[in-house]
């Protein structure tokens with residue numbers, strides 16, 4: 001690629017100088033707003049009052065998005081904002097998992113707020129350049145890139161007509177273009193989407209980081225909810241951030257020694273315990289594949305089943321053999337968990353890059369399960385190729401895998417056929433069809449234009465145009481609030497059913513993952529126990545998104561004595577680490593109680609944000625029945641002994657002499673009633689009404705009785 005030729009094709013539309021700002025105790029105390037319709041910028045203050053209530057990261061992003069939009073704002077309206085905010089802890093290099101950013105926007109899939117947690121270097125670099133958040137509004141007339149140069153303290157908006165759109169090419173082009181030399185490439189990070197994000201509602205963003213050992217720009221994803229679609233709708237080709245250096249205390253923290261001490265302790269755990277626990281350094285999150293299969297939790301054939309004899313073909317030992325080993329694979333400096341695994345020198349077989357050797361980031365567990373077993377595909381090479389094309393084209397791998405699995409079940413039930421799919425035989429296990437579909441989305445043609453709209457849109461389309469039964473589509477269409485399900489079978493865990501369907505943004509595992517506590521270990525047997533877990537864990541996990549932290553170092557390696565503690569599921573020593581680190585960064589007094597309170601404030605704010613947009617009530621907190629129990633006779637009979645025993649022991653019905661259809665109906669009535677009781681218990685614990693509305697009394701208790709929030713909830717109380 002001729003970088004100088006690409007650079008010469010740029011036209012600078014606007015360029016601004018800004019005053020440098022040294023971070024203090026994790027904050028720059030200002031944000032950067034860019035309006036692409038006006039090619040203008042504004043630097044806004046972040047007040048102590050905003051920091052107290054919204055902290056940073058996801059909280060600051062939600063506050064800015066609320067102020068930027070109106071209740072009726074659509075995802076493709078110019079005022080819809082994309083906000084990237086790293087949080088006060090993000091950017092420290094002494095404790096693992098501290099390089100995350102949170103991205104928020106109004107989602108094309110859900111019509112509510114989406115938030116997505118992402119690694120890579122952009123968030124810390126944005127902060128080191130002097131901003132707690134970047135807010136993008138408006139729409140450009142032509143393809144543009146935005147460059148935030150923290151070495152020169154300039155912001156530029158440039159037409160960029162010649163660069164690639166697909167991320168694996170574009171990230172390397174721009175990294176080379178804006179780095180002073182090869183050694184300087186580590187100081188450049190690029191945010192991009194891809195060609196498929198132009199044509200689908202499931203577009204995502206890639207955040208790059210330069211890997212000097214491999215000599216490539218690698219990618220981490222803000223995957224969920226279609227933020228990449230919003231990005232491309234604004235005609236943004238990329239955002240570039242450049243810094244002078246990465247040093248040990250760029251955050252200017254209050255007590256660096258306290259952070260170093262906790263980091264040293266954690267690093268010893270990784271060194272001594274990882275191989276015997278989760279093997280994150282060698283397998284990443286892919287270590288989960290056979291564990292999920294063993295417990296009947298691995299999604300197979302659109303979540304119908306939870307295990308498969310061919311899982312051995314895509315288990316963690318297979319991925320370990322494909323991942324390049326022995327490299328410090330962190331997606332931020334200083335992360336000793338090193339779980340950002342990659343397949344190097346992978347030769348593509350299909351699509352526009354066929355024959356090219358590439359580095360593929362992942363697959364992680366969600367990709368192996370979603371692109372693999374959930375679609376009936378147990379070929380690791382095909383999964384890696386699908387993973388690569390989802391990334392470079394800018395498609396959310398979770399949504400893509402779950403929606404293709406839905407399409408395949410529709411095909412096998414006669415709702416779709418070759419005529420409707422343009423010749424694609426989308427049966428379970430059809431690798432060629434799954435690959436061709438993703439290329440069609442990228443090209444903006446054929447059945448890809450239908451598939452790329454997501455499951456909620458397809459359910460309506462299939463019912464209206466193909467005569468499909470809407471009730472059956474609702475039962476098997478694995479989405480809630482418009483967002484496709486994350487890749488865990490939740491049928492046997494009532495708490496996880498709530499953990500998915502009750503999420504503010506839609507069913508994503510980062511908010512609550514309670515399957516093992518509930519189903520395997522039976523640690524939360526009563527409705528009250530489940531409600532307490534569905535209060536604490538979503539609030540605790542929300543805190544990572546306020547701070548700029550990755551959740552994996554919290555519980556994917558545990559201290560040796562963790563099982564002996566009073567609450568091992570919470571990993572109390574690591575919770576104490578985070579309390580210490582927050583105090584050490586900010587200099588503020590802090591406790592485990594205040595940690596949950598910080599999250600409650602933002603969590604309730606997001607709930608009310610949904611309410612402001614016409615959602616956020618009980619009716620939106622229900623998922624498809626496939627997430628709760630067996631929809632079909634085939635599903636019931638695949639686990640007949642288990643379900644017959646449950647009918648007798650839990651429901652009080654003798655299954656003898658009853659047809660499978662009758663047993664399916666009895667089981668369904670019982671499980672749906674159980675779920676409604678769970679909603680009652682969780683709402684009560686969270687301080688909400690029976691319709692899921694935060695009460696004014698609860699908002700006052702949290703210090704969130706802001707006039708705009710009271711005004712929003714009052715009509716619903």
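For the chain, the convex hull spanned by the alpha carbon atoms encloses 144 Å³ per residue. Length gained on full extension, residue 273 to residue 252: 4.4 nm, using 0.36 nm per residue less the C-alpha separation. Comparing Cα centroids, the range 540-609 and the range 276-354 end up 27 angstrom apart.
Once you reduce the range 134-210 and the range 220-256 to the center of their Cα atoms, the two points are 10 Å from each other. Legend: ranking of residues 565, 586, 110 from fewest to most surrounding C-beta atoms inside 10 Å; resulting order 565, 586, 110.
Peptide packing: for 241-247, 72-78, the average count of neighbouring Cβ atoms within 10 Å per residue gives the ranking 241-247, 72-78, highest mean first.
Normalised by the number of residues in the range 616-717, the mean separation of alpha-carbon contacts (under 8 Å, six or more apart) gives a relative contact order of 25 percent. Among beta bridges from DSSP that stay inside the chain, the antiparallel ones total about 85%. Residues within the reach of a label modelled at residue 21 (point 7 angstrom out along Cα to beta-carbon, backbone nitrogen below 12 Å), restricted to the range 39-77, are 42-48.
Starting from the Cα-Cα distance between residue 417 and residue 650, subtract it from 0.36 nm times their residue separation and give me the gain in nm to one decimal.
Length gained between residue 417 and residue 650: 79.8 nm.
For residue 313 and residue 521, the FRET efficiency from 1/(1 + (r/R0)^6), where r spans their Cβ atoms and R0 equals 22 Å, is about 0.15. In terms of other Cβ atoms within 10 Å, 23, 534 run from fewest to most in the order 23, 534. Spin-label model, residue 661 to residue 291: label points 7 Å out along the Cα-to-beta-carbon direction sit 4.2 nm apart. In the range 3-242, one over the average inverse separation of all distinct C-alpha pairs is 17.5 Å, which is the Kirkwood hydrodynamic radius.
Counting alpha carbon pairs within less than 8 Å and at least 6 residues apart, what relative contact order, in whole percent, applies to the range 272-389? List each step's numbers first, then the result.
Numbers: 198 pairs, mean separation 32.3, N = 118.
In percent, rounded to a whole number, it is 27.
Using alpha-carbon pairs under 8 Å, 6+ residues apart, how would you state the relative contact order of the chain in percent? It comes to 14 percent, rounded to a whole number. Taking other C-beta atoms within 10 angstrom as a stand-in for reagent exposure, 339, 331 fall in the order 331, 339, fewest first. Applying 1/(1 + (r/R0)^6) with R0 = 51 Å to the Cβ-Cβ distance of residue 5 and residue 74 gives a FRET efficiency near 0.85. In this simple spin-label approximation, residue 592 and residue 461 carry label points 7 Å from Cα along the Cα→Cβ vector, and these lie 4.9 nm apart. Per-residue ellipticity at 222 nm computed for the chain from its helices equals -11500 deg cm²/dmol, with DSSP H segments shorter than 4 residues left out and the rest contributing -39,500 (n - 2.57).
Laboratory data are not the source of any read-out in this text; all were calculated from the coordinates shown. Computed from a predicted structure; not experimentally measured. For neighbour counting, all protein chains shown are included, and Cβ atoms are generated from backbone atoms with ideal geometry for every residue, glycine included.
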